[in-house]
Amino acid sequence: MSARGLIASAVAVLTAAAVTVGCSSESSDTAQPDTVRLAVTDLQGLEELQREFGAFKDEFEKQSGLKIDFFAVNDRTAAAAALGADRVDVVFTGPAEYVVIHEKTGAEPIVAIERDGYRSVVYTRTDTGITSLDQLRGKKVAMSDVGSTSGHLGPSQILADAGLTPGADVEVLTVGDTVHESLRRGDVDAVGIGHHDYEEFMAEDDPAQYRIVAEGPTLPPDLLMAREGLDPQIVATIRETFNDHFDTLLPAMLEGKDNAKYENAKLVNVTDADYDEVREMYRAVGVNDFSQFLGD
């Protein structure tokens with residue numbers, strides 16, 4: 001072969017190699033073996049994910065042998081879409097969100113984290129004279145965000161269990177962070193909220209001025225859920241890592257400021273059936289279609 005022919009052949013080989021490398025670099029949505037793409041529904045942006053879960057990521061990788069790639073989502077809807085499109089493998093989310101994401105994508109629980117004191121309460125001012133739930137018939141009750149497990153669904157279930165239909169027998173006002181202030185001003189007759197939020201309100205007010213009318217049971221836990229079709233061995237490794245090393249994984253999580261709610265949390269193994277309680281809460285607010293997020 002002439003020198004010119006050898007040069008042309010070499011150029012062709014190098015060009016083919018460059019094309020091959022370029023194609024492989026475009027498959028960023030496909031997870032590498034032993035890599036888990038993780039999203040957290042209540043955190044926005046990669047910077048926040050790294051700040052809140054960076055220490056956890058390091059500890060989990062150390063104990064599991066798996067690698068975590070953070071996948072930032074703007075909200076629960078984006079997390080569900082990413083799961084359905086096979087762009088994320090595992091989502092850490094709350095019980096109300098889980099029910100809808102499961103319905104949309106078929107994603108299943110891996111392991112769950114039960115928060116200490118995670119329950120709902122209904123409370124009022126002592127000067128209202130209200131001492132029982134049946135006295136709330138025809139009254140106004142403030143709750144926090146639409147679809148919140150502890151601040152909306154849980155209190156609504158407390159009312160339903162007492163024979164009161166939220167929205168019919170009791171006027172429910174979802175007012176976000178102003179729930180306590182609305183009771184203090186007298187705009188409503190009672191508040192339904194998470195117990196931890198109640199404690200925070202009392203820390204800044206006079207507890208003697210308020211009375212808890214009812215407390216609900218422990219709410220279903222937050223959980224890690226796996227996309228449909230995720231390698232069963234990966235799922236088993238995640239579950240085993242949590243079961244064997246929760247004593248070091250939890251402190252790593254608690255290094256994130258927003259994760260303080262998991263102080264004294266317990267690890268529990270769950271199945272989809274454990275969230276039927278949440279489905280009942282949806283029904284308590286008149287929702288029988290679990291494929292849409294409340295408030296969207």
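What are the principal axis extents of the Cα atoms in the chain, in Å, biggest first?
103, 37, 33
Longer than 27 Å from Cα to Cα, which of K62/K261; K139/K266; K139/K257 are they? Say none if no pair is.
K139/K266; K139/K257
Starting from the Cα of E240, step 7 Å along the direction of its Cβ; do the same at D58; then give the gap between the two resulting points in nm.
2.6 nm
Given an 8 Å cut-off on Cα distances and at least 6 residues of separation, report the relative contact order of the chain as a percent.
Computed over the chain, the figure is 27 percent.
If I model a spin label as a point 7 Å beyond the Cα along the Cα-Cβ vector, how far apart are those points for T165 and K139 in nm?
2.1 nm
I want the local charge near E228. Using Cβ-Cβ distances under 10 Å, sum +1 for each Lys or Arg and -1 for each Asp or Glu among the other residues.
-1
Can you put M281, M202 in order of Cβ neighbours within 10 angstrom, beginning with the fewest?
M202, M281
Tell me, S291, S182 in order of fewest to most beta-carbon neighbours within 10 Å?
Lowest to highest Cβ neighbour count: S291, S182.
Report, in whole Å, the centroid distance computed from the Cα atoms of the range 104-150 and the range 222-239.
Using only Cα atoms, the two centres lie 30 Å from each other.
Could you pull out every whole DSSP H run in the chain that spans at least 30 Å of Cα extent along its own axis and averages 0.0 or higher on the Kyte-Doolittle scale?
Helices passing the filter in the chain: 3-25.
Given bins 5 angstrom wide, list per bin the percent of all Cα-Cα distances in the range 92-142, short to long.
It works out to 4, 13, 19, 12, 9, 12, 13, 11, 5, 1, in whole percents.
Projecting each Cα onto the charge dipole of the chain (Lys/Arg +1, Asp/Glu -1 at the beta carbon, about the Cα centre), which of F71, Y98, V121 comes out farthest on the positive side?
So the residue we want is F71.
Listing I212, I193 from the residue with the fewest other Cβ atoms within 10 Å to the one with the most, what is the order?
If I rank by nearby Cβ atoms, fewest first, I get I212, I193.
Which one, H180, A203, L159, projects farthest toward the positive side of the charge dipole computed for the range 120-215 from Cβ point charges (K/R +1, D/E -1)?
L159
For the range 93-188, run through the trypsin sites (Lys or Arg not before Pro) and keep only the ones in DSSP coil with at most 14 other Cβ atoms within 10 Å of their Cβ.
R137
Taking amide H positions as placed 1.01 Å from N in the peptide plane, with prolines and chain starts having none, which residues 5 or more places from A142, or on another chain, fall under 5 Å of its amide H?
L173, D189, A190, V191, G192
Treat each spin label as a single point 7 Å out from the Cα along the C-beta direction, and report the Q292 to E215 distance in nm.
It works out to 3.7 nm between the two label points.
Can you give me the long-range amide H partners of S148? Hydrogens built in the peptide plane at 1.01 Å from N, cutoff under 5 Å, separation of 5 or more residues or another chain.
Residues meeting the criterion, in which the H sits 1.01 Å from N, are L153.
Please compute the volume of the convex hull spanned by the alpha-carbon atoms of the range 120-215 and report it per residue in Å³.
78 Å³
Computed from the coordinates by the stated procedures, all read-outs in this text should not be read as laboratory data. Here the structure is a predicted model, which means the values were calculated and not measured. With ideal geometry, Cβ positions are generated from the backbone for all residues, glycine too; neighbour counts draw on all protein chains shown.
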